[in-house]
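*Asks:* Before anything else, here's the structure in question.
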Amino acid sequence: MTIQGAGGDGAVRLRMVRPTEVSPGRLLTCPTCGATGGIALIAVGRQAEAACLQDHIWQDRDLCASAVRQLLHLTWYPPDDGCILYPYPSDAVCEQLLPDLVEDRSLTPGGPAARDDISWEAHASTATTSSSSAMMFCLMYARCMGALAVPADGSLYARLYPKVGGDAVCAHMACLLVALALYDTGRRSRLVKLSRLPLRAVRAALQPARADELRSLRPISRRPEVWLLRATDADRLQHADAETWERWRQAAADIVDDVLEDYARPGRENPQLFHLDARPRRFPDEATWYTDAERKWQGTW
Ligand SMILES: [Zn+2]
């Protein structure tokens, strides 16, 4: 396999030596010359195409930009068994491209909270599928949205995936801002069943005029002595200059936009958070990317 591209626009090109199985029992085959070997897989922006050695170029129903970038990730970070396969079905997210920040994970010391907020948090966390806190639920879904969007969108991939020059701190902060927007949207509307959060309302919370309020938001933890926000994150939120803040905010908004675009279809004009559950995910996420101070989340995403 040879790799070309992986440049700033998120375009990648992988030349596969052996035939590529893009769905069970189905090899990627050039419709013009019938070739199955030596085919290049290309992702540009949100689109994917294939090219054979004779430069015939075509699109295939099982080929998508997200899967091509995940396959490239697998070549850089191969699994323990060394078996690198095209990640199908093509709408599945099999690899987590978001980096983990290696830093102190201590939580922010807690402070007085509004009685209404405490009551909402208690109801919302009980109503979620786990018994964890409302913010942990929001963090899990935000990370999931990032995992869906980053390989699918060339611009986000170039900005947030470190292996091609993306900014790991920006990736982390963008996911955190999505989580804070989820949390704040639920908190303001007193929505208890957070899986019903409307994604367009979450997107609205990330508009420039409103997103500034997220910088001072401190989600309640089940332990009153701490807020459920890493001290490192609270510090970054407090001290980021305008340009840095705008990069994080834009990336967060773009992640939600990507998910909204993905879900835009007749009959789903107003997608809600739980619609994300329909996408197959193959990697476990116990929320330890954010904090190991809370109980691990047991779900598989
Ligand atoms: Zn051909």
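*Asks:* Please indicate, with yes or no, whether at least one residue in the range 282-297 is at pLDDT below 85 and not in a loop (DSSP other than H, G, I, E, B).
*Replies:* Yes: one or more hits.
*Asks:* Now a separate question. Being of a type outside the set (Gly, Ala, Ser) and more than 16 Å from the chain's Cα centre (by Cα) narrows it down to one residue among 103, 95; which is it?
*Replies:* Selected residue: 103, the only one of 103, 95 that is of a type outside the set (Gly, Ala, Ser) and more than 16 Å from the chain's Cα centre (by Cα).
*Asks:* Let me ask something else. Select from the range 46-62 the residues that are outside any loop (DSSP other than H, G, I, E, B) and open to solvent by less than 20 Å² (accessible area, probe 1.4 Å) and list them in ascending order.
*Replies:* 48, 50, 51
*Asks:* Let me ask you something else. Report, by residue number, each residue of the range 11-40 that is in a strand (DSSP E or B), open to solvent by less than 50 Å² (accessible area, probe 1.4 Å) and within 14 Å of the ligand (Cβ to nearest atom).
*Replies:* Filtering the range 11-40 for residues in a strand (DSSP E or B) gives 12-15, 21-23, 26-27, 40.
From the residues that got through so far, the ones that are open to solvent by less than 50 Å² (accessible area, probe 1.4 Å) too are 12, 14, 22-23, 40.
Across the range 11-40, the qualifying residue is only 40.
*Asks:* Moving on to the next point. Given 67, 113, 43, which one is assigned by TED's automatic domain parsing to the domain that holds residue 229, away from the ligand (no atom under 16 Å from the Cβ) and either outside any loop (DSSP other than H, G, I, E, B) or surrounded by 15 or more Cβ atoms within 10 Å (Cβ to Cβ) (or both)? Before the answer, list the steps.
*Replies:* Working: 67 fails: assigned by TED's automatic domain parsing to the domain that holds residue 229; 43 fails: assigned by TED's automatic domain parsing to the domain that holds residue 229.
Of 67, 113, 43, the one residue that is assigned by TED's automatic domain parsing to the domain that holds residue 229, away from the ligand (no atom under 16 Å from the Cβ) and either outside any loop (DSSP other than H, G, I, E, B) or surrounded by 15 or more Cβ atoms within 10 Å (Cβ to Cβ) (or both) is 113.
*Asks:* Hey, does the range 89-107 have a residue that's within 16 Å of the ligand (Cβ to nearest atom), open to solvent by 30 Å² or more (accessible area, probe 1.4 Å) and among the aliphatic types (A, V, I, L, M)? Walk me through how you get there before you give the answer.
*Replies:* Going residue by residue through the range 89-107, those that are within 16 Å of the ligand (Cβ to nearest atom) are none.
No: zero hits.
*Asks:* Mind counting the residues in the range 70-83 that are of a type outside the set (S, T, N, Q) and loosely packed, with under 14 Cβ neighbours inside 10 Å? Quick ask: steps written out before the conclusion?
*Replies:* Our first condition is that a residue be of a type outside the set (S, T, N, Q); within the range 70-83, this holds for 71-74, 76-83.
Within this subset, residues satisfying the condition of being loosely packed, with under 14 Cβ neighbours inside 10 Å are 76-83.
Of the residues in the range 70-83, 8 are of a type outside the set (S, T, N, Q) and loosely packed, with under 14 Cβ neighbours inside 10 Å.
*Asks:* The conditions are (1) at pLDDT 85 or above; (2) hydroxyl-bearing (Ser, Thr, Tyr); (3) in a helix (DSSP H, G or I); (4) surrounded by fewer than 21 Cβ atoms within 10 Å (Cβ to Cβ), and residue 157 fails exactly one of them. Which is it?
*Replies:* All conditions pass for residue 157, except number (4).
*Asks:* Working carefully through the options 223, 215, find the one that is over 16 Å from residue 184 (Cβ atoms), out of contact with any Lys or Arg (no Cβ under 8 Å at 6 or more places or on another chain) and either open to solvent by 20 Å² or more (accessible area, probe 1.4 Å) or assigned to a strand (DSSP E or B) (or both).
*Replies:* Matching residue, one of 223, 215: 223.
The values are calculated or read from the model by the stated rules, or taken from the named source; none is laboratory data. All values reported here derive from a predicted model rather than from experimental measurement. Methodologically, a virtual Cβ is constructed for each residue, glycine included, from the backbone with ideal geometry; neighbour enumeration extends over all protein chains shown. The accessibility values were calculated without ligands, DNA or RNA, using every heavy atom of the protein model including side chains. Shrake-Rupley method; radii C 1.70, N 1.55, O 1.52, S 1.80 Å.
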